[in-house]
1. Exactly one condition in (1) of a type outside the set (Gly, Ala, Ser); (2) crowded, with 19+ Cβ neighbours inside 10 Å; (3) part of a helix (DSSP H, G or I); (4) touching an Asp or Glu at 6+ places or on another chain (Cβ under 8 Å) is not met by residue 23; state its number.
2. Against the conditions (1) under 25 Å from residue 107 (Cα atoms); (2) more than 24 Å from the chain's Cα centre (by Cα), where does residue 319 fall short? Just the number, please.
3. Across the range 40-65, what is the total count of residues that are more than 15 Å from residue 79 (Cα to Cα), buried (at least 16 other Cβ atoms within 10 Å of the Cβ) and under 24 Å from the mean Cα position of the chain (by Cα)?
4. Of the residues in the range 323-341, how many are without any contact (Cβ under 8 Å) to a residue 12 or more places away in the chain and surrounded by 12 or more Cβ atoms within 10 Å (Cβ to Cβ)?
5. Based on this model, can you work out whether residue 198 counts as crowded, with 23+ Cβ neighbours inside 10 Å, closer than 21 Å to residue 272 by Cβ and within 16 Å of the ligand (Cβ to nearest atom)?
6. Filtering the range 69-89 down to residues that are polar (S, T, N, Q) and over 26 Å from residue 6 (Cβ atoms), which residue is surrounded by the fewest Cβ atoms within 10 Å (Cβ to Cβ)?
7. Based on this model, can you work out whether residue 170 counts as under 18 Å from residue 276 (Cβ atoms), open to solvent by less than 40 Å² (accessible area, probe 1.4 Å) and either among the acidic types (Asp, Glu) or in contact with a strand residue (DSSP E or B) (Cβ under 7 Å, 6 or more places away or on another chain) (or both)?
8. Any residue that is away from the ligand (no atom under 16 Å from the Cβ) and free of Cβ contacts under 8 Å to residues at least 24 places away in the same chain - is there at least one of those in the range 468-481?
Amino acid sequence: DVAGLHYSDLLPHNLFGQAPTKEFLLKVVDILIDYIKDVNDRDEKVLHFKQPEEMLRLLNLDLPDEGMPLQNLVDDCNLTLQHQVKTGHPRFFNQLSCGLDIVSMAGEWLTATANTNMFTYEIAPVFILMESVVLSKMREIIGWKGGDSIFAPGGSISNMYAFLAARHKMFPGYKEQGLHSIKGQLVMYTSNQSHYSVKSCASVCGLGTDNCVEVPSDERGRMIPSELERLILERKSKGHIPFFVTATAGTTVLGAFDPINAIADICEKYNMWLHIDAAWGGGLLLSRKYRHPRLDGIERAKSVTWNPHKLMGTLLQCSTIHFRDNGLLISCNQMSAEYLFMQDKLYDVQYDTGDKVIQCGRHNDVFKLWLQWRAKGTEGFEKHMDHLMELSEYMVEKIKESPDKFYLLLEPEMVNVSFWYVPKRLRNIPHSPKRAQLLGEITPILKGKMMEVGTLMVGYQPLNEIPNFFRNIISSAAVTKGDVDFLLSELDRLGRD
Ligand code: ABU
């Protein structure tokens, strides 16, 4: 019992604090283990939705002047998880990152306990070596020998690292002299289905969003290479400098794969840097069955973003950026802070990876992935990818078996299944833009019901001219065919007129 105990009773404040520290931590771990049990219990709800005002009334989030007893903290932990959406629940289909991999989670616990910063070998010797092993394995899977990589805080920042390295390689004077060293307007290209971080990078890095050209995509959401070439020539004719293309391997909404080889041919022709944003689809590199033809040609890119916290199920966050050439990251980002990256240390300072990045403090994102990889093996990841893809194929089949109740928007290339639920009153009438608009109006209403009932969660969004539709994601190892059956029947139950 921790009643009556306070922060000051714990280590390191209390020299004899081992027993109360253990007691407190075991109480917290009990809560975590209960939560893990609930996450995996299909009789438990995915969420207990409350409006923010009601949530604020239920919780006491005040920061007191005087510290509270440890029992209050244990209660806080309990209450926090009670109100958390169970993203690891087998009926959570809402986000690209979901599931709760137990080994990866254990890794995250250890990471928190080690509580180290990832800038120097000096203070993170084992984790720095692990990064090197894991990242070179990932580059080998991409199809490269050598190269360099780094863990970054999310796919958006990983994409930005690619942009920075590309600009540095092609315009090395930028680092010291800034924008004025480049005589002409730089232009970057990406498809109109790509992640918004690409456009954001144009804004943050001084190009302006007008110089991030959106290339049209085909009916399945894949960049049209002839359009890319047309738009490159259009800007060249204005004297601009097209230099960077981001192709997407697994778009956020449709899960589409841009045709990498055709895009690589164009990049080579015009001497442009090809970056692949495979934050979402990169996991399929681990599947011999599904990586082809989707990721064919990825080895021709100069940089690749790949987020293990998505398809691979590693705990958030775990994002990586890989470069075909070695030496670029350090040359681009090195600031040689003398207080951290001294050159006369006891060991080979090449292991001080912190000078390769634009941040200083860097979270340890490798251990949970390394531990998970040890547990599953590369073959285990391959089985996981094949399983997710097969389940998605099963869902598509089931949707096609009920064309009156569900409208499949397109044959997916990945685990994103895009569809409308069709209520009774809209069945048996031919599909038309008007009917699509009505289905689009129903979608958020149905999502609202889903959240109020709490039995499942599926995301929705509009896409260009397409009104709101459901985007179902199967990227959690917890999902079974039974859960897919439940999802469709529950949607039908909630969607009854
Ligand atoms: N970075 C894209 C994540 C979007 C999603 O989970 O839906």
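The values are calculated or read from the model by the stated rules, or taken from the named source; none is laboratory data. If you're wondering where the values come from, they're calculated on a predicted model, not measured in any experiment. Cβ sites come from the backbone with ideal geometry, for glycine too, and all protein chains shown count toward neighbours. Ligands, DNA and RNA are excluded from the accessible area calculation, which covers all protein heavy atoms including side chains. Shrake-Rupley method; radii C 1.70, N 1.55, O 1.52, S 1.80 Å.
1. Failed condition: (2).
2. Among (1) under 25 Å from residue 107 (Cα atoms); (2) more than 24 Å from the chain's Cα centre (by Cα), the lone unmet condition for residue 319 is (2).
3. Residues flagged as more than 15 Å from residue 79 (Cα to Cα), buried (at least 16 other Cβ atoms within 10 Å of the Cβ) and under 24 Å from the mean Cα position of the chain (by Cα) within the range 40-65 amount to 1.
4. Looking only at that region, the number is 0.
5. When the stated conditions are applied, residue 198 passes them.
6. 84
7. Against the criterion (under 18 Å from residue 276 (Cβ atoms), open to solvent by less than 40 Å² (accessible area, probe 1.4 Å) and either among the acidic types (Asp, Glu) or in contact with a strand residue (DSSP E or B) (Cβ under 7 Å, 6 or more places away or on another chain) (or both)), residue 170 does not qualify.
8. No: zero hits.
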